[in-house]
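What follows is one structure encoded as structure tokens, with my remarks underneath.
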Amino acid sequence: MKVSKLLITTLLCVGVASVADARHKRPHRPHRPKPTGVVTVVTPAHHTLTPSVAAAPPGGVWSYNADLTSGELQAGDGFTIFDFGGYVSGSIAAPVDWTPSTALTGSPFGASSGVDDPALTNLTFTYTGATMNRAFGATTFMGFNANTTFTAQVSDDWRSQDHDAMSHLLATPANSTILVPAPANHVPDGGPTAALLGLALAGVEAMRRLIRARKV
């Protein structure tokens, strides 16, 4: 998987470099000054509840942390870690003011951005404490645990939701990837990687055709 991602990244870089080289060779055009009196307002991204791996022993108790940065945590907010392989029934645990739960599919905070395997357990941690606002600063929650019988690791999805620190309204759910247990004989699925490779090659070819068309 790492090699495939490196190959895809390299191909994309080649495409970008080709475009840059072509632009450099084109006749220089005078730079047009930007209109004056125009102010660009950049809205800062909402930083939400973000889980991270604290400990991942093979075939043991995995532990996660969760960071709340520039957000507001209300009862009912929380996060889900999808497809925690080899889950030992009843082993999920959470710190004070948090309620742990499990399900084979889904999350109270929205669907996985990838494939939600119904044969693997989703870990959900729901906040039940007093409202906590972090417009400035950060808070780290520790002790989100679950035991696994699996001895390898793989990257899978997580999804979380909290509230905006300024408006106090429900924020847009956040999602990314995190390490979860996988069986020792796990082999990354080549399907998604092959698809990404195809898209990368198609993108490089499209950029080259665009360059040729502009030169004509």
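The values are calculated or read from the model by the stated rules, or taken from the named source; none is laboratory data. Keep in mind that this is a model prediction, so the values were computed, not measured. Reconstructed Cβ throughout: ideal geometry from the backbone, glycine too, with neighbour counts over all protein chains shown. Ligands, DNA and RNA are stripped out before the accessible areas are found, and what is left, the full protein with its side chains, is counted by its heavy atoms. Shrake-Rupley method; radii C 1.70, N 1.55, O 1.52, S 1.80 Å.
Work out how much length Ala152 to Thr105 would gain on full extension: take 0.36 nm times their residue separation and subtract the Cα-Cα distance, in nm to one decimal. Before the final figure, lay out the partial values.
Values: separation 47, 0.36 × 47 = 16.92 nm, distance 2.18 nm.
14.7 nm is the gain from fully extending Ala152 to Thr105.
Here the Karplus curve 6.51 cos²θ - 1.76 cosθ + 1.60, taken at θ = phi - 60°, turns the phi angles of the stretch 127-141 into couplings of 6, 10, x, 6, 4, 10, 10, 10, 5, 9, x, 8, 10, 10, 9 Hz, with x standing for Gly and Pro.
Label-to-label distance, Leu170 versus Asp97, with points set 7 angstrom from Cα along the beta-carbon direction: 2.2 nm.
In this structure, the amide hydrogen of Ala54, modeled 1.01 Å from its nitrogen in the peptide plane, lies closer than 5 angstrom to those of Ser63, Tyr64, Asn65, counting only residues at least 5 positions away or on a different chain.
Given a 1.4 Å probe and the protein chains as shown, Asp117 ends up with an accessible area of around 60 Å².
Return one quarter of the surface area of the convex hull spanned by the alpha-carbon atoms of the stretch 54-110, equal to its mean projected area, in nm².
Details: hull surface 19.2 nm².
Over all viewing directions, the stretch 54-110 projects a mean Cα-hull area of 4.8 nm².
Stretching the chain fully between Asn65 and Ala135 yields a gain of 23.2 nm (0.36 nm per residue, less the alpha carbon separation).
So with the 1.4 Å probe, I'd like the accessible area per residue for the stretch 44-131, rounded to whole Å². Don't skip to the end; give the middle numbers.
Working: 3590 Å² over 88 residues.
Ligands and nucleic acids excluded, the figure is 41 Å² per residue.
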